[in-house]
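J.: Just dropping this structure here.
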Amino acid sequence: MQRRLITTSASETYELGRRMGGNLEPGDILALFGELGSGKTCFTQGLCAGLGIPRKRVISPTYAFVHEYEGRLPVLHLDLYRIDNLEDALDLDVMEYLSRGEGGIVVIEWADRIMPLLDEDTIQVIFNVVTSRKREILVSGREGALDRLVPGEHARG
């Protein structure tokens, strides 16, 4: 199943993340896809805000690979931008991070680098740049998770 949403500003992308973050449950894994500047980190800041984590604490972990945040649920925020292939990801123990998320949330930027490692329960969020401010955001996942995170009335086309 998939929901299509449109945001027309960074604040709307953040707010979408915040609403979704308020509905996250332990064990949720979100795989984020999109080009540089498409809104992945802004969305992640909103997700974390929905979990009670201050926005200023959430930055892209491009150089650290992973950041951990404490909120209503713990969050592991991975950024795989510098990963060239699946073997590099395995060398960095990505599987360990994915399994550690069972009691919390895992958010993965540049998740295309590890697609074969993600299971069917992973919530996929694809960011498409329409204009400099407008984003098409496609959220897909199992029906129950999708209904919980993006209720039909919040989806805009």
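All of the numbers you see were taken from the coordinates with simple rules; none came from a lab. Keep in mind that what you see is a predicted model, and the values were worked out from it rather than measured. For neighbour counting, all protein chains shown are included, and Cβ atoms are generated from backbone atoms with ideal geometry for every residue, glycine included.
J.: Report the paramagnetic label zone for Met115: residues of the range 66-93 whose backbone N is under 19 Å from a point 7 Å from Cα along the Cα-to-Cβ axis.
T.: Correct set: 79-90.
J.: With charges only on Cβ, +1 for K and R and -1 for D and E, what is the dipole size of the chain about its Cα centre, in debye, rounded to 20?
T.: 980 debye
J.: What does the charge count around Phe65 come to, taking other residues whose C-beta lies under 9 Å from its C-beta (Lys +1, Arg +1, Asp -1, Glu -1)?
T.: So the environment of Phe65 carries a net charge of 0.
J.: Continuing with this model, one more query. Which of the trypsin sites (Lys or Arg not before Pro) found in the range 60-157 are loop residues per DSSP with 16 or fewer other Cβ atoms within 10 Å of their Cβ? Each step should come with its number before you reach the end.
T.: Working: sites: Arg72, Arg82, Arg100, Arg113, Arg133, Lys134, Arg135, Arg142, Arg148, Arg156; in loops: Arg72, Arg82, Arg133, Lys134, Arg142, Arg156.
Passing both the DSSP loop test and the Cβ count: Arg72, Arg82, Arg133, Lys134, Arg142, Arg156.
J.: Can you list which of the chymotrypsin sites (Phe, Trp or Tyr not before Pro) found in the range 1-90 are DSSP loop residues with at most 15 other C-beta atoms within 10 Å?
T.: Passing sites in the range 1-90 are Tyr63, Tyr81.
J.: Which whole-angstrom value gives the distance between the alpha carbon centres of the range 64-92 and the range 1-60?
T.: 16 Å
J.: Taking just the alpha-carbon atoms of the chain, what radius of gyration and Dmax come out, in angstrom?
T.: Both quantities, over Cα of the chain: 14.2, 42 Å.
J.: Which GluC sites (Glu not before Pro) does the range 76-157 hold that lie in a coil by DSSP with at most 15 other beta carbons within 10 Å?
T.: Glu120
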